[in-house]
Structure formats: structure tokens, C-alpha cells
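Below: the structure, in C-alpha cells.
The values are calculated or read from the model by the stated rules, or taken from the named source; none is laboratory data. Keep in mind it's a predicted model, so treat the numbers as computed, not measured. When we count neighbours, we look across all protein chains shown, and the Cβ atoms used for this are built from the backbone with ideal geometry, even at glycine.
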Amino acid sequence: MHWQDREAWIWSYGVYTRYPFQGALYGLPPQMLEECLVGAIEARFGPLQEGTAGAAVRDAPHNFEEFIYSVWGADVARHFAIPYNRKLWAVPLNETETSWLGGRVQLPNLEEMIEGALSPAPKPMGPDARFGYPLRGGFQALMDGFLPLLQGELRHHAEVCAVSPRRHTVRLTDGSMYRYERLISTLALPKLVEALGEEAPPEVRAAARGLRHVSVRCVNLGIGREGLTDKHWIYYPEDTVFHRIFVQGNASPHCNPPGGFGLTGEISHSPQKLLPVEGDALIARCIEDCCRVGIIRDDDRIIAAHQLDLPVAYVVYDHARAASVDLIREWLLSHDIILAGRYAEWEYYNSDHAFLAGKRAAEAALTPAAAPVAARIA
Ligand SMILES: Cc1cc2nc3c(=O)[nH]c(=O)nc-3n(C[C@H](O)[C@H](O)[C@H](O)COP(=O)(O)OP(=O)(O)OC[C@H]3O[C@@H](n4cnc5c(N)ncnc54)[C@H](O)[C@@H]3O)c2cc1C
């Protein structure tokens, strides 16, 4: 593994500031900086001046939008948190709740916030302040590491199309059938329920139909210039087509060919936020926006350009999600089906959580009788 201190940055108002925005305001225009600090103080303690509007939302927030205003203050909300999260989530923020936040989004500590406004580059914060990526072989190398430990058959390009809890069988699209005692599923939860067909009770099918997700189109670019940036990922709350660039070329020293550099523009989309254009036009728009924000230059050679759609990329934490997932999971567990991973459990997991989810599911499957309880995710 190649371990590095995270270089996560935000591009807004023509400058880079470190992520998280509220912890590293240094470098922003002074008036904006003052507004953000005052806003955060007011969100915590109430208005500084009688009769001013900057007061906290005093009730417990009912949704993610209210949460942003009440915890970070109106100005961090206005300058970063609202526009960025609207862009990423591609659904109205008041339709979502906050249980996914965990340690993922740092809550402000006023002392750190002031320190981050007065001096440049405070230390990276949060659970991924240091992160690892395989030195060679890309992310796939992590999975390949498990191959020698596998006992039994591993089949590639094997698509599950039907699952029968009654008969304890799985059917693949090529017609082959497998019997199971306990089944661990990594299929996206709505897909799994679809594969159960009429064997799933109507309430389980209805709950699965209500699960919402966001898609992401990844535009991968290979640029003919080395060392475009030393950053690892960059957030774009403003009007670029992408909400984030993952700087693939810096994930490990072996990620780039000599003379080249790779990066990925991530563009979220949903029925409520359609892609502005498709096909080559989307790639062209991405390149144009990369030039506009200065990550590449007009005269840079584009050696490779390719796009990949992740139809189910982010789980939407709307207000119905938790109860629906509980209902479906309980029914599946009572029929010896254990869910494992981000899309199966319908949770906002990062890859480290996904690995642990796999371990928990394997342990649950191997535990006699107690499996349904053991498979519950804390
Ligand atoms: C845009 C984006 C950026 C991300 N960035 C980061 C990051 O920077 N750091 C980080 O830690 N995490 C990141 N993540 C999250 C990370 O990618 C996921 O958490 C992780 O890949 C989830 O692993 P998983 O095993 O749960 O699901 P998956 O990797 O999706 O595995 C599910 C498996 O099930 C198989 N499958 C599905 N349907 C069928 C079927 N019908 N039949 C047979 N097989 C099937 C799939 O082929 C796949 O192999 C990001 C995710 C996205 C979308």
C-alpha cells in the first residue's frame, strides 16, 4: 500500500482552500472569511447584534438543509455547503436526513475554525486525513490479494437474475443454477428484491421500489503533461459540470505513464438533475471546465478521454430509507439472505466500510443458528 497525507481541496472564488471548507478558510476574500466566522459563532450562540438575522435554527434540524444552516452557520452554508451538496446529491437537501454523516463530515470546532482562518494549511482533519491506495495494480489489487485465500469456485461475468428464497436457489443469466444454505448478496438492494420476484411479499417489494439513489458519470481524462497538481481530490461547489475531481494520477507514484497524467471528473445526476449534455459533448464540457478552473491548460494535449456511468452510485438518505431498509433486511435475514456492502445494505459506505461489511457477512454466514442476529450491522 502507498500511504499519504490527504490533499483534499476546494476550488471556489478563484482560490484553493483546504477541505473541510469551514476548517480552512484562509485565503478566501477577507469579508467572506469574516462572514463565515460570524455565521458559525451565531449558529452556536445566537445573533451577535440585537435584531440581526443571523440566528441559529434553534429546533433540532429536521433535514440535511436545516442541519447545514444550524451547525455551520448561514455563510459557510451559502458559500460552500449548500451549493456543493446540492450539486453532489442531485436531490433537494430538505428531502434528506443526516444519519449518514457519522465522522465523514467534520463538525466545526470554533477554535480550529479560527485557526484555519488565520493561518494557511492546517493539518488535514477527519477520518481519512491519511489514506492508502495500492502502490501498483490500481484498486483491483486489493481484491486480488484475497484470491489465494478463496476456497471454492470463483466465476467472473456471472450475473444473478433470479433468487428463490423458497427453494434456496440462485439463477444466473446463462441459465446455471446454484443451491445455497445461506446467501451473501452484494447486489444493489432494489435489484435483489426484483430478482426475488413474487416470492417477496408486497410490502418488501413496495419498500424496495421506494429506495432512491444518485448516479455518477465519471469522465476519465489522460493529459499529456506530468505533475498537473499535487492534490488528491478537489471539490467544486460552483458552476463546473463536475462536483469533484479525483486526481487519479496522484493516488500512487505508478498511476501515470511517463509524460502523462490521469484525472477523473465526477458528475452526479438524477431524474431531478439531468446531465446537461451527453456523449462527446459531455467530455468536451468537462475539458472546457478543467481549463476554466486551471487544472489543465488550453494547450494541454488530451491523450485519452473516456466516460463510465455508475447508475447506482450514492444512496439517497431520504426520510423513508431507514425504515424501508430495516423491513427488507429483516425479511431477507429470516430467509437466510445476508446483505454485504454499500449497495446491498443501502448505506453510504466507503471502501474501508465495504471491506468490513464483507468480513461481518462472512462471519454471520458461518455462525450456526445465530446468523440472522449476527448479520445485523451496528
Ligand atoms: C463516485 C464514487 C467515488 C468514491 N470514492 C471513494 C473514495 O475516494 N474512497 C473510498 O473509500 N470509497 C469511495 N467510494 C465508495 C466505494 O467505491 C464503495 O464503497 C465500494 O466500492 C463499495 O464496495 P461494495 O463491495 O459494497 O460494492 P461494489 O464494489 O459495487 O461490489 C458489488 C459487487 O456485486 C456485483 N454484482 C452486482 N449485481 C450483480 C448481479 N446481478 N450478479 C452478480 N454480481 C453482481 C458487482 O459486480 C460487484 O462486484 C466512491 C464511490 C463512488 C460511487
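Here are the numbers for this structure:
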item: Scan of region 149-187 for residues that are within 11 Å of the ligand (Cβ to nearest atom) and closer than 24 Å to Thr367 by Cα, ordered by number; result: Val163, Val170, Ile184, Ser185, Thr186, Leu187
item: Check on Ile328, β-branched (Val, Ile, Thr), more than 20 Å from the chain's Cα centre (by Cα) and farther than 14 Å from Leu189 by Cβ; result: no
item: Filter result for Ala375 (under 19 Å from Glu181 (Cβ atoms), of a type in the set (A, V, I, L, M) and at pLDDT below 95); result: yes
item: Extreme residue, farthest from the ligand (Cβ to nearest atom), among residues of region 233-265 that are more than 23 Å from Ala284 (Cβ to Cβ) and buried (at least 22 other Cβ atoms within 10 Å of the Cβ); result: Asn250
item: Test: Arg297 is of a type in the set (Lys, Arg) and surrounded by 19 or more Cβ atoms within 10 Å (Cβ to Cβ); result: no
item: Pair list, Cβ under 7 Å, 6 or more apart: region 110-133 residue on the phi > 0 side of the Ramachandran plot, other residue at pLDDT below 85 and part of a loop (DSSP other than H, G, I, E, B); result: Gly126/Gly103; Gly126/Gln106
item: Region 202-212 - residue that is assigned to a helix (DSSP H, G or I) and of a type in the set (Gly, Ala, Ser) and, of those, nearest to the chain's Cα centre (by Cα); result: Ala208
item: Yes/no for Gly224 being out of contact with any helix residue (DSSP H, G or I) (no Cβ under 9 Å at 6 or more places or on another chain) and more than 26 Å from Ala354 (Cβ to Cβ); result: yes
item: In region 86-113, the residues that are among the aliphatic types (A, V, I, L, M) and at pLDDT 90 or above; result: Leu88, Ala90, Val91, Leu93
item: Meets criteria (surrounded by fewer than 19 Cβ atoms within 10 Å (Cβ to Cβ), closer than 17 Å to Ala117 by Cα and not β-branched (Val, Ile, Thr)) for Met32; result: yes
item: Test: residue in region 123-134 that is of a type outside the set (D, E, K, R), in a loop (DSSP other than H, G, I, E, B), more than 14 Å from the ligand (Cβ to nearest atom) and more than 20 Å from the chain's Cα centre (by Cα); result: no
item: Unmet requirement for Ser215, which otherwise passes all of (1) part of a helix (DSSP H, G or I); (2) touching a Pro at 6+ places or on another chain (Cβ under 7 Å); result: (1)
